[in-house]
Structure formats: C-alpha cells, structure tokens
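Below is one structure; the comments refer to it alone.
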Amino acid sequence: MKRTVMSILLAILVSGFECSGSDDTYPVLPVDATVNSYFSEAKPLEIGSENYEADYASIKLPENRGKPASRLIDIPYLRIRSNSKNPAEPIFCLSGGPGQGNMHWDWESVRYLLAEHDLVAVGYRGVDGSIRLDCPEVTNAFKGDGDLLSDESMKSIGRAWSASARRLNAEGVDLDGYTMLETIEDNESVRRLLGYKRVSLLSGSYGTRVAYLYGLKHPESIKRSVMISVNPPGRFVWDPQMIDAQLKHYSALWSKDSVMTSRTPDLYAAMRTVLNAMPRKWLFLSINPGKVRVVTFALLFHRNTAAQVFDAYVAAERGDPSGLALMSLAYDYVVPSLMTWGDLASKAVSADFDPARDYSAGMDASRMPLGSPMGKLLWGSLRYGRWPMQQLPEKFRKPQPSNVQTLLLSGSVDFSTPAEFAKKELLPYLKNGRQVILSECGHVNDVFYVRPENTRLILTSFYTTGKANTSMNLYVPMDFSVRWGFPLIAKIALGVIVFVGLVLVTVIVWLIRRRGKRKASRVIARARKA
C-alpha cells in the first residue's frame, strides 16, 4: 500500500518539474571510434496517430574540448523527420534541468511543429550518453533523518558533494568538460553532421540558458529561438523575496474566490502560521519541516500542484496536518533520486556559483515564511562542500547583447523562472526579442498544457514569420479547487492500511483458533482410544 501511495505522489510531484531522462535505446559506439564518428539507425516513431521516420544515433565527441588529449564520450541524438517534402529549418530542442536529460520529450505536445520542421534532440552530457554524473553519496545525504534544512544537514550534504567529486575524479571524469558551453558544442557537432546550415531552437527552463548562450556563441547558426520559462544568467539560484511576492500574489487571487475564503480568509497568513509552527507528527507519521518546505516549493511550480499545496496548508491550519505528513514522506521517495546531481552541480556551479555568498543565511530571509528551501538545500550545501571545476568565462555569466530573433514565453505565477526576471534581466539585451506572458500559468508544463491551442498558435506563427500571433492569449483564472488533495489521500491510505491490518489480524486469529480446535480434536480422539 505504501508503494501505491508513493507512486501516486511520484506522479504528482514529478509534474512539478520538467522531467526527462536518459534513454538506453541509442547505439553504443566502439571504444576505439574516432572523434565525430557516429552510428545512426532509422526507426519508425509513432506520435499520436501518426508515424514519423526517426534517426536514433550516437556521436563520439571529446569530454573536454579544451584539452587536445581528452578522452572521447558517446552523446546520443534523435532526429524526427518532418512529413513535409520541403521542410523549413529544423528545430533543436533543449529541455529543462540541469540534472535531467534531453531525450524524453513529450513529442505529442509539439507534434504540430513536424508539419514544417524536423525536430532534433541532442543528449545532455553528464546525464545522457556514456557518462552519467551520478552521486549516490549526495542522494543518501539528502535522505537525512534530522531537519533537512538544518546547519548539521547542510554540512553533511556538503561533505557528500565533496566525496562525490573526489570519486568521479578518481574514476577519470573530467568535470570541467560538463558545462553548458560543451553542451552547445555537442549541438553544433550534430548540426554540422546532419548538414543543417541554420536551425531554430525550442527550449524550456534550464534549456533557455543553453539557448541564450548558443545564440551568443554561434549567432550565425540560429534562425529563431523560443524560450519557455526563461532562466537568465545568475538565476539558477531561487530568490526568497520573489518567492514571497508570488505567494502574496496567489493569496490575492485566493481572496477573490468566495469558496476558498470560506475555508480561510488569508492564504498567505495561513501558510505563514503553519510554516512558523509546523507540527512534527500526524498520528504515528513524523513530519520533517525541511522536507515539507522543499516539496512545497517544488509543487508550487505549476498551478494544479500549487492548488494541492494550498489545500494541505489550509487543512493544517485547521488542525489536520495529514497532507504535510504525506508530503514529508513523499520527499524520500522522490526528491533524492529526481536528478543526476553531479550534472546539476557541474552546470550550476560553473555558471552561477559565488563562493563569497552565504547561501544558507540568504535563503532564509527574515519575515518570509517559506524562504527559498530548494535554494538552501542545493546552494547552501554546496557552500559547505567542494565541487572542483572552472567557472565559465565572465562574459557568459552575465547578460550580453544578442541579435537572435527570440520569443520569451513566461507564466505569470512561475516560481522556478519568474516572468519578471526574464523581463528585467534578459529582454533588454535581446535586440530582436519579445516576451509573452501567460496569465496564471506556472512553469514549462503549464505553458504547454493549460491552453495548448494558444501555445500552438504562438509557436507556429513565430517560427514561420518571426512574429508571434497572440490573438488567443486570453486570461485564464486560477482554479484552486482540488479533487484529490493530500489530506484526503493520506486518510484514504491510512484507512486502507488499517483495514488490511484488521483483515490480517482476523485471519491470524482464525488460523490460531482453527489450529487449536484441530489440536483439541486430536487430544479427544486419543483419549477415546485409550
């Protein structure tokens, strides 16, 4: 039963991230293959009701292009061929992360682009391909028994980061080769191999940073770029002030819903009350405050899971912390194994890490009930550890002007990549850029799935003409209603567990009695014979 409940929560929590992983169906090249050697296998790919020709391939590339004697690694790539006889430029896809792969896109959500374009996904080094930067030391440390966000926990996780880096170095991994700049060159190698002169880009979250840097490094290779849920330079670190402002925005929306205000008049105050005095138990289940905070932040990424968070906190304010207990329990089953942590560290540290910044203190801003729990978990612990790799050149760590035709698509309640940061910190540097904000939408998944017909029109018009058709970009109000909230799931699960337990006890008692009756019958039979 616990596994069933966790599988439900896994589906819910993972929906809070743009999640893609590596794929073992791509060919493996011989160890002695030379640089740029490749192997491609054509296979049909069914997307929805249509079949497409697809090339599943791998290419041999240097682990670190800055070192002539660098070893070679395999990078997979997938090309889905357009059914058009004369397709336009291909679209290279760059998904989110870092720490997640680029080979498991939901192709159904962008199938309409195949009418005019090939779609290409090049694996992310460090996750996809022959080298994965797995960190079991970090995974285990993330499961600590004490308060996840305590100083003791941060130091323990920091030691795990250092231990993972030492082990990877001892295994011959050159961590300096796992940066966004190397990822960009992987895409360039595939572009040249496939014979494309220019490509367009479709990126999400972390992938938008890769796309932006791609335009700086190789502007001649890029025709147009769509960035969904934009991550500007310096923003791998989640800002507690912005998180607090977004919670207040949600609270303002809540106050306009008479059904919700009947449960609690002030959503922000309710969350502050619970976060400042979080219960440590529900019945026999413990509640880890740090784990609840991290899961809370993850679930705030998207509007449907945000509603589930608010439902759990309002119930807790009324004395029912069952939803929080379930979130705390779910953390151990989901978060530690959610990412390839070494890849996340390599990409983030090389791009945005500031060794002089006190991340632990900075993520717990005063008077802000939630703070930045994921920021503290990752950046706070990295400050106590050591991930030895060179940082990107300064020009790639700060915004620089770009002439690439760029469309920024942002959700107005995106906790991971707030629209305000894209507007103020990146858009001014895009000479041919425009931002479109989708009302009451969160992170990447919301952009694709809340009003898919609107996103389809925006994307197809931009890739075709360079101008986004926003005529369908209408206001979509927030829906706070929840059918299967965490408190309800927790109680149902507990009820099932109790029922199964009672059934087992009943069966055991019956067996014991039956055995006793048989034993008594044998004794009586012996007595009669005597």
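The values are calculated or read from the model by the stated rules, or taken from the named source; none is laboratory data. Predicted, not measured: the structure shown is a model, and the values here were computed from it. A quick note on method: Cβ atoms are made from the backbone with ideal geometry, for glycine too, and the neighbour counts reach across all protein chains shown.
Details
- Checked against the criterion of being at pLDDT 80 or above, among the β-branched types (Val, Ile, Thr) and either surrounded by 15 or more Cβ atoms within 10 Å (Cβ to Cβ) or farther than 26 Å from Arg125 by Cα (or both), region 4-21 contains not a single residue that satisfies it.
- Residues satisfying the stated conditions in region 331-348, i.e. buried (at least 24 other Cβ atoms within 10 Å of the Cβ) and small (Gly, Ala, Ser): Gly342, Ala345, Ser346
- Qualifying residue in region 372-386 (condition: in a loop (DSSP other than H, G, I, E, B) and not small (Gly, Ala, Ser)): yes
- Helices (runs of 4 or more DSSP H) fully within region 98-214 counting 1 or more residues that are within 26 Å of Gly66 (Cα to Cα): 151-170, 180-194
- Of all residues in region 75-91, exactly one satisfies the criterion of being buried (at least 19 other Cβ atoms within 10 Å of the Cβ), farther than 18 Å from Ser203 by Cβ and more than 24 Å from the chain's Cα centre (by Cα), namely Ser82.
- Scan of region 223-256 for residues that are part of a loop (DSSP other than H, G, I, E, B) and in contact with a Pro (Cβ under 9 Å, 6 or more places away or on another chain), ordered by number: Pro232, Pro233, Gly234, Arg235, Phe236, Trp238, Asp239, Ser255, Lys256
- Scope region 241-271; condition closer than 26 Å to Phe421 by Cα and of a type in the set (Asp, Glu); matching residues: Asp244
- Unmet criterion (only one of (1) over 24 Å from Pro232 (Cβ atoms); (2) out of contact with any Gly (no Cβ under 6 Å at 6 or more places or on another chain); (3) crowded, with 17+ Cβ neighbours inside 10 Å) for Asp311: (2)
- Lys424, sole failed condition from (1) free of Cβ contacts under 8 Å to residues at least 12 places away in the same chain; (2) more than 26 Å from Gln246 (Cβ to Cβ): (2)
- For region 407-453, the candidate set comprises residues that are polar (S, T, N, Q) and more than 20 Å from the chain's Cα centre (by Cα); within that set, the residue that is surrounded by the most Cβ atoms within 10 Å (Cβ to Cβ) is Gln435.
- In region 129-170, the residue that is surrounded by the most Cβ atoms within 10 Å (Cβ to Cβ) out of those that are acidic (Asp, Glu) and farther than 25 Å from Tyr206 by Cβ is Asp147.
- Counting the residues of region 400-458 that are of a type outside the set (A, V, I, L, M) and either over 20 Å from His302 (Cα atoms) or in a helix (DSSP H, G or I) (or both) gives 26.
- Flag if Leu94 is in contact with a Cys (Cβ under 7 Å, 6 or more places away or on another chain) and crowded, with 16+ Cβ neighbours inside 10 Å: no
- Selection status of Met389, among the aliphatic types (A, V, I, L, M), buried (at least 22 other Cβ atoms within 10 Å of the Cβ) and in contact (Cβ under 8 Å) with a residue 40 or more places away in the chain: no
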